[in-house]
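Presented below is the structure to which this report refers.
The values are calculated or read from the model by the stated rules, or taken from the named source; none is laboratory data. Note that this is a predicted model, so its numbers are computed, not measured. Here Cβ is always computed from backbone atoms with ideal geometry, including for glycine, and neighbour counts include all displayed protein chains. These area figures cover heavy atoms from the full protein model, side chains too; ligands, DNA and RNA do not enter into them. Shrake-Rupley method; radii C 1.70, N 1.55, O 1.52, S 1.80 Å.
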Amino acid sequence: MAQESTQQGAPSKPEVRHFVVGPIQTNCYAYVCDGEAMVVDPGDAGQKIADQLKGVHVSLIVATHGHGDHVSGVAQLQKATGAPFAMNAADVDLATHATHNSRWASEDAPQPQRLLSEGDQVQVGSATLQVLAAPGHTPGGIVLLGDGVAFVGDTIFAGSCGRTDLDGGDSQAMQQTLARLCQAIPPDTVLLCGHGPITNMRHELQTNPTFPR
């Protein structure tokens, strides 16, 4: 499991810690602010991620969507930290039956304690992130938009977007989502993708062939 920090700064400034986990190299992130952490998409490495966050209070676990390669580590991470689990209601069935729905899932996700919808806010220390609905890759995909960063899951990749040919995928919904995100996400925002390299919105607006023109 690789770890890197994508932002550095004073203790009160949010920091993103990046982990690459699982057989298909899923990107997991910990958003740390004021000694608290939100873990996004813990892949299949919940205990390993908890071990990497010793000394930090994990206050929330969030899934950007319900696919097994993103949620298989939730149960272990929740057991290790006691943190509540949050995701969009439309993907709960997908996540809680991950081992049935995905060959990449090592464990089903537990039932979430919090359901996230468009317009909700997530607090991590003194930092606030906005929840944006992002259906297309799955019905319940979400994006978490913070100050200068966005956790985009498998909705946006560097140079492409998420697949829509899997169960629950919808190409029309994906195009509508991308059109909305092009307006909602500021150009200078770092995009923390679910797989592959980290990118930024300005670059994707200029070069991503899947974005509406």
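Under a Gaussian network description of the chain, with springs only between Cα atoms under 10 Å, the residue in LEU53, LEU192, LEU166 that fluctuates furthest is LEU166.
Provide the percentage of antiparallel DSSP beta bridges, counting only those with both residues in the chain; round to the nearest 5. Display every interim value, and only then the final one.
Numbers: 31 of 44 bridges.
Around 70 percent of the beta bridges assigned by DSSP in the chain are antiparallel ones.
The mean accessible area for residues of the range 95-213, using a 1.4 Å probe and ignoring ligands and nucleic acids, is 47 Å² per residue.
Over what distance in Å are the Cα centres of the range 172-199 and the range 10-40 separated? Here the answer is 19 Å between Cα centres. Only one residue of GLY196, THR207, THR177 has its Cα farthest out toward the positive end of the dipole of the range 128-213, where Lys and Arg carry +1 and Asp and Glu -1 on Cβ, and that residue is THR207. Highest GNM mean-square fluctuation among GLY169, GLY196, GLY119, for the chain modelled with Cα contacts below 10 Å: GLY119.
For the chain, divide the Cα radius of gyration by the Kirkwood radius and give the resulting Rg/Rh value with two decimals. Walk me through the numbers before you get to the answer.
Details: Rg = 15.5 Å, Rh = 16.7 Å.
Taking Rh as the inverse mean 1/r over Cα pairs, Rg/Rh reads 0.93.
The packing ranking of peptides 23-31, 171-179, highest mean first, is 23-31, 171-179, where packing means the average number of other beta carbon atoms within 10 angstrom of each residue.
The dipole here belongs to the chain: it is taken about the Cα centre, uses +1 on the Cβ of Lys and Arg and -1 on the Cβ of Asp and Glu, and is about 260 debye.
Calculate what fraction, in whole %, of the accessible area of the range 77-213 sits on carbon and sulfur atoms when a 1.4 Å probe is rolled over the protein chains. Result for the range 77-213: 49 percent of the exposed heavy-atom area is carbon or sulfur.
Using alpha-carbon pairs under 8 Å, 6+ residues apart, how would you state the relative contact order of the chain in percent? Before the final figure, lay out the partial values.
Working: 556 pairs, mean separation 30.9, N = 213.
RCO, the chain: 14 percent.
For the range 56-156, the residue among GLY141, PHE85, VAL152 whose Cα projects farthest onto the positive side of the dipole built from Cβ charges is PHE85. Annotation for the range 43-132: trypsin sites (Lys or Arg not before Pro) lying in DSSP loop with at most 12 further Cβ atoms inside 10 Å of their Cβ are LYS54, ARG103. What number comes out for the charge environment of LEU115, summing +1 per Lys or Arg and -1 per Asp or Glu over other residues with Cβ under 15 Å away? For residues surrounding LEU115, the net value is -3.
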